[in-house]
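Asker: I have a structure I would like to understand better, so I am pasting it below and will then ask my questions one at a time.
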Amino acid sequence: MHSLRISTLNVWAMPAIISTHVAERSPAIVQRVAEQSVDVAAFQEVWTPQARRLLVEQGQRVGLVPAWSADKSPGGLFVLTRVPVRRTGFTRYVLAGLPQRLQHADYYGRKGFAEVELETADGPLVLIVTHLHARYSDPGEYDEYLGMRAAQVAQLAAAIDAFKAPCVAVGDFNFREDGPEYHALTRLTGLVDAAADWDHRQPTSVAGNPYHGVGHTAEERIDYVFARSGVEVASVRRDFDQPVVFAGEPGAYSDHAGLLAEITVSAGSSQPTSAEPVAPDPIPQDPILRDPASVGLLATLMERGRTEARKRKHNQRRWGVAVLVAAALGHRPLRGRATPIGVG
């Protein structure tokens, strides 16, 4: 069997008004990838054309090529690889944010999951890269997006269930190990959390990061490498957590750390996947893939999300009516002129 090194990192490549040192960090990220002899690098939050261009340019210098067209980063996702690619695909999450929450920009990111079928020396391997909806709340605080993230987990689990080849899922999942979304995903798909399996859990939102607090205010583990049968994880550890300096200013590779995993694919365990999505078997073959408790849990969380959405919609209507009434009452003639609300 031949080993593969896979890394994952949320690169926090947003417009300069939101992010910091993007032009400097992108080449540094690829340099770190090269130093670690990474075969496949999976990135999230590649939102700017500049970051994508820099990743491609620097990647090509060290033998890494984009898995799909270099002018696209669907859902902010991007992959550089030295392993041949058989096919790629992207599926947008049906529920992916709220358009009216401009400061919570997940809706406008069109989040989803990317599929990259790699032709390894030991057969096909499906790499899933994703970035689930952010919580926008600290641990212990009310998480209004739990139901939405549960719906994304359900959609992701259904897709993974259909794959016949060995599978690895990586990315910024924005959930914790004790969260219901984590348990539902692992129980419905048979995916194993590599860090937990090795008892090598390390937070990826790290205290001391100079950008810490811009996106996260608590130290926690929200990035993962998951694998299932046909894939053996030889090691997994946190990476991209070393301090760096840009033009004399303290910096980091991103606003939180990433992961580096070494895996092997069991020769002969793969069944080639087709270019078209494969429908799940009508009769469950493995009980872990149809765990009723997890299905019920996701249904409960999604119903909670629908209730929250209806409540929010009702409150918005009430505020809308209040504004209209206030506007009507405030629209009174004053020396032949209408006085705008809030003026005077």
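The values are calculated or read from the model by the stated rules, or taken from the named source; none is laboratory data. The structure displayed is predicted, hence computed values, not measured ones. Positions of Cβ are generated from backbone atoms using ideal geometry, with glycine treated the same way; all protein chains shown enter the neighbour counts. Just the protein is used for accessible areas: all its heavy atoms, side chains included, with ligands, DNA and RNA removed. Shrake-Rupley method; radii C 1.70, N 1.55, O 1.52, S 1.80 Å.
Asker: Do we have P27 as open to solvent by 30 Å² or more (accessible area, probe 1.4 Å), within 22 Å of A252 (Cα to Cα) and touching a helix residue (DSSP H, G or I) at 6+ places or on another chain (Cβ under 6 Å) here?
Answerer: Working: open to solvent by 30 Å² or more (accessible area, probe 1.4 Å): yes; within 22 Å of A252 (Cα to Cα): yes; touching a helix residue (DSSP H, G or I) at 6+ places or on another chain (Cβ under 6 Å): yes.
So P27 passes the test.
For (1) modelled with pLDDT of 95 or more; (2) not aliphatic (A, V, I, L, M), each residue gets a yes or a no:
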site	(1), (2)
T8	yes, yes
I17	no, no
V38	yes, no
F43	yes, yes
T48	no, yes
G59	yes, yes
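Asker: I've got another one for you. Identify all residues within the stretch 140-180 that are open to solvent by less than 20 Å² (accessible area, probe 1.4 Å), closer than 20 Å to A196 by Cα and either modelled with pLDDT under 90 or not aliphatic (A, V, I, L, M) (or both); write none if there are none.
Answerer: Answer for the stretch 140-180, where residues must be open to solvent by less than 20 Å² (accessible area, probe 1.4 Å), closer than 20 Å to A196 by Cα and either modelled with pLDDT under 90 or not aliphatic (A, V, I, L, M) (or both): P166, C167, G171, D172, F173, N174, F175, G179.
Asker: Let me ask you something else. Filtering the stretch 112-138 down to residues that are open to solvent by 10 Å² or more (accessible area, probe 1.4 Å) and closer than 25 Å to Y182 by Cβ, which residue is modelled with the lowest pLDDT?
Answerer: D138
Asker: Could you check how many residues of the stretch 64-97 are part of a strand (DSSP E or B) and open to solvent by 10 Å² or more (accessible area, probe 1.4 Å)?
Answerer: Residues that pass the stated criteria total 10.
Asker: Sort out which residues of the stretch 239-260 are in contact with a Lys or Arg (Cβ under 9 Å, 6 or more places away or on another chain) and either of a type in the set (A, V, I, L, M) or not in a loop (DSSP other than H, G, I, E, B) (or both), and write them in order of number.
Answerer: Going through the stretch 239-260, the residues in contact with a Lys or Arg (Cβ under 9 Å, 6 or more places away or on another chain) turn out to be 239-240, 242, 244, 246, 251-254, 257-260.
Once the filter is applied, which keeps residues that are in contact with a Lys or Arg (Cβ under 9 Å, 6 or more places away or on another chain) and either of a type in the set (A, V, I, L, M) or not in a loop (DSSP other than H, G, I, E, B) (or both), the stretch 239-260 yields D239, V244, F246, G251, A252, A257, G258, L259, L260.
Asker: Here's something else I'd like to know. Just for the stretch 10-20: of the residues that are closer than 12 Å to G76 by Cβ and of a type outside the set (G, A, S), which one is surrounded by the fewest Cβ atoms within 10 Å (Cβ to Cβ)?
Answerer: Among those that are closer than 12 Å to G76 by Cβ and of a type outside the set (G, A, S), it is M14.
Asker: Does the stretch 135-149 hold any residues that are assigned to a helix (DSSP H, G or I) and closer than 21 Å to A218 by Cβ, and which are they?
Answerer: At the first step, the residues of the stretch 135-149 found to be assigned to a helix (DSSP H, G or I) are 146-149.
Hits for the stretch 135-149 are L146, M148, R149.
Asker: Something else now. So R101 clears everything in (1) touching a Gly at 6+ places or on another chain (Cβ under 8 Å); (2) assigned to a loop (DSSP other than H, G, I, E, B); (3) open to solvent by 10 Å² or more (accessible area, probe 1.4 Å) except one condition, right? Which one?
Answerer: Among (1) touching a Gly at 6+ places or on another chain (Cβ under 8 Å); (2) assigned to a loop (DSSP other than H, G, I, E, B); (3) open to solvent by 10 Å² or more (accessible area, probe 1.4 Å), R101 violates only (1).
Asker: Quick test for you: out of T130, T120, pick the one residue that is among the β-branched types (V, I, T), in contact with a Phe, Trp or Tyr (Cβ under 6 Å, 6 or more places away or on another chain) and in contact (Cβ under 8 Å) with a residue 12 or more places away in the chain.
Answerer: Working: T120 fails: in contact with a Phe, Trp or Tyr (Cβ under 6 Å, 6 or more places away or on another chain).
That would be T130, the only listed residue that is among the β-branched types (V, I, T), in contact with a Phe, Trp or Tyr (Cβ under 6 Å, 6 or more places away or on another chain) and in contact (Cβ under 8 Å) with a residue 12 or more places away in the chain.
Asker: Using beta carbons and a limit of 7 Å, which pairs, at least six apart or on different chains, have the first residue in the stretch 202-225 and under 24 Å from Y182 (Cα atoms) and the second one modelled with pLDDT under 75 and small (G, A, S)?
Answerer: S205/A218
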